[in-house]
Structures are given as C-alpha cells and as structure tokens.
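**Student:** Could you have a look at this structure, given as structure tokens, before my questions?
The values are calculated or read from the model by the stated rules, or taken from the named source; none is laboratory data. All values derive from a computational prediction rather than experimental measurement. So basically every Cβ, Gly included, is an ideal-geometry build from the backbone, and we count neighbours across all protein chains shown.
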Amino acid sequence: MVSSTPSPGARYASHVAVAMPSGSGDLESARAFLQDRLRQSAFWVFILSFGFYLMNIATSSLISDAMVPGHSVLQMQLEPGNLFHLAASLLFCALWLAMRHPSPVPFSWLRFLDAAALVVGCTWFALMGRYLFVMQQSLGFDPSIGLFAGLLASANVVMGRAIFVPSTPARTLAVSTAALLPMLPVTALATGSASAVVNVACWATVSIAIATVGSRVIFGLRKEAARVRRLGQYTLEEKIGAGGMGVVYRASHAMLRRPTAIKLLPPERAGVANLLRFEREVQLTSQLSHPNTIAIYDYGRTPDGLFYYAMEYLDGINLDDLVHRYGPQPAGRVVAILDQVCGALSEAHRRGLVHRDIKPANVILTERGGEPDVAKVVDFGLVRPLEPGNADATQSTSVLTGTPLYMSPESLSAPESSDPRSDLYAVGAVGYFLLTGQPVFEGTSVFDIVGHHLHSEPAPPSQRTTHPVPSDLEAVILSCLRKDPAQRPSDAAALRGDLRGCGMVRVWTTEDAATWWRAFRSVEPPAATRPSAAGAAGLTVSVDIGDRLTQAITRG
C-alpha cells in the first residue's frame with residue numbers, strides 16, 4: 001500500500017513556496033528559496049551585531065583609562081558580556097557562510113539551523129545583557145542599560161527573522177517564544193526583582209506578537225501573490241511580451257513539466273468587445289495545425305473572470321530583433337523563412353482566415369525537434385474570417401487595424417475589402433526588411449507611411465542595401481508589393497512556388513542554420529536598437545478612416 005501522506009520536507013516546502021504546485025522541481029525551488037532567505041537574514045544580523053561590537057571596542061578605548069583605571073581595552077573586551085556578544089555575532093556569520101555554500105542543504109537541516117541559530121543566538125544575547133548588567137553595576141553605571149541591550153538585540157533578531165525567513169505564523173510564534181524565553185531567568189538572576197522580570201516579559205511578548213503578526217501578513221501576501229500567478233494548472237513565471245490584445249508570460253504546467261506561453265487579457269482591457277476579440281483569436285488560431293503556426297494547448301477563464309490561453313513556448317528570436325541585432329540576412333535564409341511563413345498562411349487562407357498583421361515581430365525563429373531556423377507565425381489577434389456572415393462584429397468597417405509599415409494599400413483605403421493577397425503584400429514587406437534591414441517605406445508619422453503605401457512605388461531592395469540581392473528574388477518581393485492585388489501572386493501557395501523557383505539564390509542549408517544557432521546560443525545577444533524614423537508606424541494601430549484621426553496606438 002502506497003501512502004499519499006506528504007513527507008515533512010514536502011509539507012514544509014508548501015509553506016516556503018506558498019501555493020506552488022507539488023513536484024520535485026518545485027520542492028527544489030522552495031528549498032533554494034529558504035536557503036537564500038536564511039543567508040540574507042544571517043548576513044544582516046551578523047553585520048549589525050558585529051558593527052555594534054566594533055563600536056563597543058572604539059568606546060572602550062575612550063573610557064577604559066578615564067572611567068576604569070587599570071583596565072586596558074583588551075581586558076574590557078574579555079569581559080563575559082562582550083565575549084557573548086562576539087560569540088553571537090560569529091554564530092550568525094557561520095550560518096551566513098554555510099548558506100552561501102553551493103551545495104544544497106536539505107530541508108530538515110534548514111529547518112533545524114533556522115530554529116537553532118535563532119534560539120542559541122538570542123540566548124547568548126541574553127547572557128550578554130546579564131554580564132553587561134553586572135559590569136555596569138560594578139562600575140557604578142546604570143545597570144539596566146545592560147539588560148536593555150540584551151533584550152533589544154534578541155527582539156530585533158526575532159523580528160528580523162519574521163521579515164526575511166518564510167514561515168507560518170505558528171512556527172514563528174514557537175521559535176520566537178523559545179528565543180526570547182531565556183531573557184526571563186537571566187533577568188531574574190541579574191536583578192532578583194519580580195517587577196523587572198514582568199517588565200521584560202511584557203516587552204518580549206510584544207516582540208513575539210509583532211514577529212508573529214508580521215510573519216502572518218508576509219506569509220499571506222506571498223500566498224496571495226502565488227494565487228494570482230496561478231491560472232488553472234499553469235503557474236506564471238516571467239513576463240516575456242505584450243501586444244495590442246494581451247500580455248504574454250512564460251509559464252509551466254503542474255503535471256506536464258514543459259515550458260508554456262500564457263497570453264492573458266489584463267483587467268483594464270477586459271471590455272465586452274475586447275473579450276469577444278480575444279476569444280475569437282484563440283478559437284480561430286486553435287483551428288490551425290500547420291507546423292509553422294504557433295500551437296494552442298488550452299484556454300479558459302479564472303474564477304475572477306480573467307481570460308487566458310496557453311500556447312507553445314518559443315525560445316528563439318523574432319525577425320524584427322534578428323535584423324536589428326544582426327543586420328540584413330542572406331538571400332537564401334530570407335527565402336527559407338518566407339517559404340515557411342507562406343506555408344502557415346496557406347493553411348489559414350484555405351480555412352478562410354486572413355491574418356492582417358504579418359510583420360517581423362510576429363514571426364519567431366526557433367529550433368524544433370532538432371531542426372534549426374523553424375519559423376512560427378504568431379499573434380492572430382487581428383485575424384478576420386473571409387465570409388461576410390462571420391465578420392468580426394467588434395470592429396467597424398470604417399476602422400483600419402494593423403501595422404502601417406506592413407499594411408497593403410487596400411487594407412488602408414478599404415479595410416473591409418482585405419483578402420489573402422493583403423497578407424502576401426505584408427510577406428513581401430517582411431522579405432524587403434530582411435534583405436535590406438529597412439522597411440519598404442519610412443516617414444515621420446503614421447500618415448506619412450500610409451501615404452507612401454497608397455501612392456509611392458518601392459525602390460528595389462538592391463538599391464537600399466550593399467548586400468547582394470539576386471534579381472529573381474528581388475522580382476518576387478516586388479511582385480508582392482504591387483498596389484493592385486490582382487498583380488500579386490494569386491495565393492500563398494503560388495508565392496511559395498515563386499520563392500522556390502529563385503534559382504539564383506544560394507540555398508540556406510541545415511548546416512548553415514545549425515552553425516548560426518550554435519553561435520546564437522553561445523553568447524547573449526546585445527540589446528536591440530530601434531530606428532527612430534519609423535516612430536509609431538512600427539506599432540499596431542487602429543485608425544478611423546472617416547475623420548483620419550488616430551484613435552488608439554498600442555504596442556504590437
């Protein structure tokens with residue numbers, strides 16, 4: 001018979017990690033977190049305690065001869081009270097050094113060291129106060145200062161632990177009481193006064209109460225934070241991006257143990273129209289199964305109404321960052337990337353869906369199943385069904401939405417007339433950007449960009465870069481950028497055939513891609529720089545073409 005009762009380490013891990021899902025990885029994270037917090041707590045106690053000890057040495061050098069004839073500084077430091085002060089300081093120094101060791105310390109040892117260091121350290125601080133009381137009394141000083149020093153040191157250590165070390169209120173109450181309890185017999189032995197013992201007991205009780213309540217509040221906040229970061233079976237780990245329709249986090253599944261990306265709609269954007277659009281995005285994207293389209297795993301709502309969906313986590317680089325970090329790309333690689341994008345769009349178009357926001361930031365290069373340079377089309381937040389009966393009710397036909405740098409003329413002048421060839425225009429603009437390192441058209445405002453797309457002919461890519469651009473590939477790119485949709489390739493499959501027919505292009509081989517990815521993984525890429533000329537044109541926008549006023553500009 002197998003028992004389902006969790007081990008003591010696992011139970012304590014639930015207190016440390018606070019609502020983290022059970023599992024060996026989470027147990028190790030909780031253990032490492034506790035060890036790190038013990039390290040921080042011991043460090044600060046050591047620094048403050050030893051700092052006061054050094055201050056006592058400096059003070060002793062001033063008063064030893066004047067106030068205590070015949071007593072040297074060394075003799076003053078060898079008094080039992082000062083020795084207990086030094087011992088307590090060194091105890092926390094030893095704990096700090098032990099917690100800094102790279103080898104993991106088991107949970108049971110962490111629990112023991114947490115309680116033992118607190119109780120022993122505070123006992124020594126109490127004895128410090130007792131002997132300081134005796135010394136002060138023999139010197140004719142106010143002896144209560146000595147006891148006060150011991151009580152203050154112990155109380156501060158107890159309250160400091162409640163702040164640093166993750167602990168349930170019950171455990172904090174127990175170890176704090178054990179730590180401050182020695183102050184009572186020490187006070188009784190030093191003073192022989194019941195009133196002094198009662199007074200110290202009252203102050204110790206207040207310190208214990210503050211530590212317990214503080215631990216309860218901090219523990220509760222950690223628990224609430226962990227609850228907020230849980231979406232069903234998923235735990236949010238790190239924010240990795242934001243778009244016009246949501247925020248994306250890296251997450252992990254409680255059981256599958258695989259990295260996942262979670263896109264959620266923040267509460268401030270959760271209007272009826274946005275919820276409908278967000279739900280439509282996941283519903284339409286989940287219909288697609290092409291290997292170059294991002295895969296959707298799951299979606300749902302939290303009890304408080306937050307809508308989210310889970311998709312595959314892409315550990316790679318988007319095309320926008322690729323060009324800004326590494327410059328224009330080889331023609332063979334451009335063909336390989338656009339070929340994959342066309343494959344994803346071909347399936348979407350066959351299902352009657354137009355993406356409407358193809359741009360470098362929405363194509364991510366990654367590695368999949370040992371294959372390098374796999375392109376994934378993401379962010380179907382603006383996708384629109386072609387059938388009039390399935391049109392998006394959340395958008396007006398007088399509003400254009402997309403990224404101006406990559407929008408086709410017809411999507412700018414008549415958004416309701418967009419068809420799959422609008423996506424092909426964007427594919428051509430992406431290819432132009434990959435070859436030249438520059439967008440097709442630039443301007444100082446959104447409307448400058450819009451005007452160029454409507455009326456200006458693009459310069460051939462070969463005139464915008466010093467890198468070689470094969471003439472047949474240039475012709476394919478320019479065919480995608482024609483103003484009249486009828487003059488572009490008829491569909492994504494046709495464009496794919498045109499790209500594969502570029503015989504002047506040196507093929508980007510698997511070995512070329514693998515070499516690039518090995519170099520990419522071996523170093524941390526430098527921060528991307530953004531061109532200033534594009535300005536807002538590089539963002540996803542919604543523009544009311546009735547009065548030509550920009551209604552909203554959001555990051556895309």
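**Student:** Got a sec? Which of 474, 457 is among the charged types (D, E, K, R), assigned to a helix (DSSP H, G or I) and free of Cβ contacts under 8 Å to residues at least 60 places away in the same chain?
**Tutor:** 474
**Student:** Tell me, yes or no, whether the stretch 211-226 has at least one residue that is within 15 Å of residue 122 (Cβ to Cβ) and modelled with pLDDT of 90 or more.
**Tutor:** Scanning the stretch 211-226, I find at least one residue that is within 15 Å of residue 122 (Cβ to Cβ) and modelled with pLDDT of 90 or more, so the answer is yes.
**Student:** Looking at the stretch 107-127, can you tell me whether even one residue there is at pLDDT below 85 and within 24 Å of residue 192 (Cα to Cα)?
**Tutor:** no
**Student:** Separate question: Anything in the stretch 304-317 that is touching a helix residue (DSSP H, G or I) at 6+ places or on another chain (Cβ under 7 Å) and surrounded by 21 or more Cβ atoms within 10 Å (Cβ to Cβ)? List them, or say none.
**Tutor:** If the condition is that a residue be touching a helix residue (DSSP H, G or I) at 6+ places or on another chain (Cβ under 7 Å) and surrounded by 21 or more Cβ atoms within 10 Å (Cβ to Cβ), then 309 is the only one that fits.
**Student:** How many residues does the stretch 437-449 hold that are assigned to a helix (DSSP H, G or I) and crowded, with 24+ Cβ neighbours inside 10 Å?
**Tutor:** Quick first cut of the stretch 437-449, residues assigned to a helix (DSSP H, G or I) only: 446-449.
Retained after the next criterion (residues that are crowded, with 24+ Cβ neighbours inside 10 Å): 449.
So the answer is 1.
**Student:** Any residue that is touching an Asp or Glu at 6+ places or on another chain (Cβ under 9 Å) and not in a strand (DSSP E or B) - is there at least one of those in the stretch 306-319?
**Tutor:** Yes, some residue in the stretch 306-319 is touching an Asp or Glu at 6+ places or on another chain (Cβ under 9 Å) and not in a strand (DSSP E or B).
**Student:** Sort out which residues of the stretch 341-358 are surrounded by fewer than 21 Cβ atoms within 10 Å (Cβ to Cβ) and either touching a residue at least 24 places away in the same chain (Cβ under 8 Å) or assigned to a loop (DSSP other than H, G, I, E, B) (or both), and write them in order of number.
**Tutor:** Hits for the stretch 341-358 are 343, 346, 347, 351, 352.
**Student:** Go through (1) out of contact with any Gly (no Cβ under 9 Å at 6 or more places or on another chain); (2) at pLDDT below 80 for residue 390 and report which single condition fails.
**Tutor:** Answer for residue 390: the failing condition is (1).
**Student:** Here is a further query. Hey, does the stretch 167-183 have a residue that's at pLDDT below 90, surrounded by 16 or more Cβ atoms within 10 Å (Cβ to Cβ) and in a loop (DSSP other than H, G, I, E, B)?
**Tutor:** For the stretch 167-183, residues at pLDDT below 90, surrounded by 16 or more Cβ atoms within 10 Å (Cβ to Cβ) and in a loop (DSSP other than H, G, I, E, B): present.
**Student:** I would also like to ask the following. Return the pairs, sorted by first residue and then second, in which the second residue is part of a loop (DSSP other than H, G, I, E, B) and surrounded by 15 or more Cβ atoms within 10 Å (Cβ to Cβ), the first residue lies in the stretch 439-453 and is without any contact (Cβ under 8 Å) to a residue 60 or more places away in the chain and of a type in the set (Gly, Ala, Ser), the beta carbons are less than 8 Å apart, and the residues are 6+ apart or on different chains.
**Tutor:** Taking only residues 6 or more apart or on different chains, the pairs are 451/443.
**Student:** Only one residue in 78, 62, 95 is modelled with pLDDT of 90 or more and of a type outside the set (Gly, Ala, Ser), so which one is that?
**Tutor:** Values: 78 fails: modelled with pLDDT of 90 or more; 62 fails: modelled with pLDDT of 90 or more.
After ruling out the rest, the residue left standing is 95.
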